Amino acid sequence: MTVTESGQGGQSDAGGRGLQELVGSTDAAAFLADVPLEAALDGAPEPECPAFPPLLLQSLWGFGGSLAEAIERSRNDGFDGLELNLRHSALEGLKAQAVRSALEKAERALILELVTGGDYVPDLGRTADQHLEELDGLLAEALVLQPLKVNVITGSDSWGWVEQQRFWGRALGLVERYGLSVSFETHRSRCLASPWGIARTLEAFPALRLTADLSHWCVLAERLMTPELAPVQAMAGRVDHIHARVGWAQGPQVSHPFAPEHHEALEAHGACWALFAERHRGQGRGALTVTPEFGPEGYLPTLPFTNQPVADLGEINRAMAGWVRERLG
């Protein structure tokens, strides 16, 4: 999809507060501007850090239907909006204005995912300059859709520190130019693949904001991520978005997060997410956004010889949304 239109949406939640107000903003884009908050009770002083509940986005990973079907599904399943790749088939052939209008009418938030390097596992032949050129073009396309947030999967874990520094300096310059609320995902095979290098990167680049997907780090480190670990502490104040998938020491996705054998993994992830939410509220950034992102076959384990999934993907993501609302609300 190549987007060529511009415009402005204005989603609101059932309580009458706009989604922009709930999430807050630190950039200059008009469509992400902060909205002053009113006191919750007459005569009560306005709290310094309002405790907004998290906004839950429904992932379109593995979904093959239309945008209209995705919007209806998200409403029926109790989500606040959608997260999807900019190249998802649900956007194919649609004008930007039509996408914005459909989402606004349905009061759905939108988080776009941008991927550079050819695919989710980047082509090792792609240079940093090529990743940056791709990112520039993708941000330009994303801008006209006016998403609430943008999640970026970019760079390569094969680059050395000197190349990483050059890359981050230019990538964050692009983010500043476009004025979108952008966070970069802690994704395997990418610049933020390793938990052990995150503190150095964050110290070098104070403007870098994160999408936390700890399931990737579990695999790379071959251990659960827990709040007391140095990498989790280092990133806690930089997280703007969470991918709520539960990984374990040997894989990025457990068979079912609420199975008793995976209780330890679920609690470890939940404790980290609660830490991120606390830091986010403490910074006055409004509602944290969370996408339950358990994936289809390939991530979801299957039975041998039949390739049948061991659990229902939709049920898992709906249940995780409810658990996150209760845990982080």
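For the reader, a short list of remarks on this structure follows.
- The stretch 140-151 - residue that is touching a strand residue (DSSP E or B) at 6+ places or on another chain (Cβ under 7 Å) and in contact (Cβ under 8 Å) with a residue 40 or more places away in the chain and, of those, surrounded by the fewest Cβ atoms within 10 Å (Cβ to Cβ): Ala142
- Residue satisfying all of: in the stretch 189-202; of a type outside the set (A, V, I, L, M, F, W, C) and part of a helix (DSSP H, G or I); most open to solvent (accessible area, probe 1.4 Å) among these: Arg200
- Filtered residues of the stretch 292-317 (kept if among the polar types (S, T, N, Q) and either free of Cβ contacts under 8 Å to residues at least 24 places away in the same chain or over 20 Å from Tyr120 (Cβ atoms) (or both)): Thr302, Thr306, Asn307, Gln308
- Summed over the stretch 285-305, the residues that are in contact with a strand residue (DSSP E or B) (Cβ under 6 Å, 6 or more places away or on another chain) and among the basic types (Lys, Arg) give a count of 0.
- Filter result (open to solvent by 50 Å² or more (accessible area, probe 1.4 Å) and part of a loop (DSSP other than H, G, I, E, B)) within the stretch 285-298: Arg285, Gly298
- Test result for Ala90, at pLDDT 95 or above, open to solvent by less than 10 Å² (accessible area, probe 1.4 Å), small (Gly, Ala, Ser) and over 19 Å from Asp312 (Cα atoms): yes
- Residue, nearest to the chain's Cα centre (by Cα), within the stretch 282-322, restricted to residues that are at pLDDT below 95 and of a type in the set (D, E, K, R): Arg285
- Selection from the stretch 203-247 of residues that are within 23 Å of Trp159 (Cβ to Cβ), touching a Lys or Arg at 6+ places or on another chain (Cβ under 7 Å) and open to solvent by 10 Å² or more (accessible area, probe 1.4 Å): Arg209, Val219, Leu220, Arg238
- Checking each residue in the stretch 56-81 for being open to solvent by 40 Å² or more (accessible area, probe 1.4 Å) and outside any loop (DSSP other than H, G, I, E, B) picks out Ala68, Glu69, Glu72, Arg73, Arg75, Asn76.
- Restricting the stretch 248-258 to residues that are of a type outside the set (Val, Ile, Thr) and buried (at least 19 other Cβ atoms within 10 Å of the Cβ), the residue that is nearest to Met320 (Cα to Cα): Pro257
- Restricted to the stretch 105-123, and to residues there that are within 12 Å of Ala68 (Cα to Cα) and either in contact with a helix residue (DSSP H, G or I) (Cβ under 7 Å, 6 or more places away or on another chain) or in contact (Cβ under 8 Å) with a residue 24 or more places away in the chain (or both), the residue that is most open to solvent (accessible area, probe 1.4 Å) is Arg108.
- Filter result for Asp157 (charged (D, E, K, R), surrounded by 15 or more Cβ atoms within 10 Å (Cβ to Cβ) and not in a helix (DSSP H, G or I)): yes
- Candidates Leu172, Leu135, filtered to the one that is in a helix (DSSP H, G or I), buried (at least 17 other Cβ atoms within 10 Å of the Cβ), in contact (Cβ under 8 Å) with a residue 12 or more places away in the chain and in contact with a helix residue (DSSP H, G or I) (Cβ under 7 Å, 6 or more places away or on another chain): Leu135
The values are calculated or read from the model by the stated rules, or taken from the named source; none is laboratory data. Everything numeric in this text was worked out from a predicted model, so none of it was measured. Note: ideal-geometry Cβ built from the backbone for every residue, glycine included; neighbour counts use all protein chains shown. Ligands, DNA and RNA are excluded from the accessible area calculation, which covers all protein heavy atoms including side chains. Shrake-Rupley method; radii C 1.70, N 1.55, O 1.52, S 1.80 Å.
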